[in-house]
1. Quick check on region 100-139: of everything there that is hydroxyl-bearing (Ser, Thr, Tyr) and touching an Asp or Glu at 6+ places or on another chain (Cβ under 9 Å), which residue is modelled with the highest pLDDT?
2. For region 83-99: of the residues being at pLDDT below 75 and β-branched (Val, Ile, Thr), which is surrounded by the fewest Cβ atoms within 10 Å (Cβ to Cβ)?
3. Can you list residue pairs whose Cβ atoms sit under 9 Å apart, with the first residue in region 128-139 being farther than 24 Å from ARG61 by Cα and the second being part of a helix (DSSP H, G or I)? Count only pairs 6 or more apart in sequence or on different chains.
4. Taking region 37-51 as the search range and keeping residues that are within 16 Å of PRO99 (Cβ to Cβ) and part of a loop (DSSP other than H, G, I, E, B), which one is modelled with the highest pLDDT?
5. Keeping to region 70-82, report how many residues are part of a loop (DSSP other than H, G, I, E, B) and surrounded by fewer than 20 Cβ atoms within 10 Å (Cβ to Cβ).
6. Under the condition of being of a type outside the set (Asp, Glu) and either over 13 Å from the mean Cα position of the chain (by Cα) or modelled with pLDDT under 95 (or both), which residue from region 25-36 is surrounded by the fewest Cβ atoms within 10 Å (Cβ to Cβ)?
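The values are calculated or read from the model by the stated rules, or taken from the named source; none is laboratory data. Owing to the predicted nature of the structure, the values given are computational and were not obtained by experimental measurement. As a convention, Cβ positions derive from the backbone with ideal geometry for all residues, glycine included, and neighbour counts pool all protein chains shown.
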Amino acid sequence: METLKHWYVTPYGGTSTDLRLFQVGIRREALEANTTLNPEVDRVRVSIVGRNRVRPLALDRFFEIVALDGRRLDALRRSLHGEAVFPEGDQVVRRYEAPEIGDEILLNSVLSQRLGCLPDSATFAAILQELFRRRRTGG
């Protein structure tokens, strides 16, 4: 469900070996019916509703969106109603407490919408550094 422009909230459905690190899966039909997210282009920041973010924006990770269908049956079973599914092992790289089944997950695509495709965190950090450099030098 879109709560603010380019912010979506959905329940957490669990983890799956069908996904790679820094991917978040959502049932294709729910993704298409309830969001304007484009898995080919958009990247999202992921947080758990009601929990403080501990990473600064420049160090945050951006997740690739995976539209779940019959090719990823394990993940699809965890997203029957459009729940967000994370990859196995995500809890190892996450710097905050893992969500529990049913917790509300916030998918924030504002930066992706404003800046275009964000392929990875290193690229985003480079964009920010360049913007700050230009502002300091007046260029």
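1. SER109
2. The initial filter retains those residues of region 83-99 that are at pLDDT below 75, namely 90-97.
Now narrow it down to the ones that are β-branched (Val, Ile, Thr): 92-93.
Values: VAL92: 8, VAL93: 10.
Checking each candidate, the answer is VAL92.
3. Listed by first residue and then by second, the contacts come to GLY139/ARG133.
4. Narrowing region 37-51 to residues within 16 Å of PRO99 (Cβ to Cβ): 44-51.
Right, trim to part of a loop (DSSP other than H, G, I, E, B) and you get 49-51.
Working: VAL49: 80, GLY50: 73, ARG51: 67.
That would be VAL49.
5. Of region 70-82, the ones part of a loop (DSSP other than H, G, I, E, B) are 78-82.
Restricting the remaining residues to those that are surrounded by fewer than 20 Cβ atoms within 10 Å (Cβ to Cβ) gives 80-81.
Residues meeting the conditions: 2.
6. If we filter region 25-36 for residues that are of a type outside the set (Asp, Glu), which is where we start, we get 25-28, 30-31, 33-36.
When the remaining residues are screened for being either over 13 Å from the mean Cα position of the chain (by Cα) or modelled with pLDDT under 95 (or both), the result is 27-28, 30-31, 33-36.
Numbers: ARG27: 25, ARG28: 18, ALA30: 18, LEU31: 23, ALA33: 9, ASN34: 15, THR35: 20, THR36: 13.
Residue satisfying both the conditions and the ranking: ALA33.
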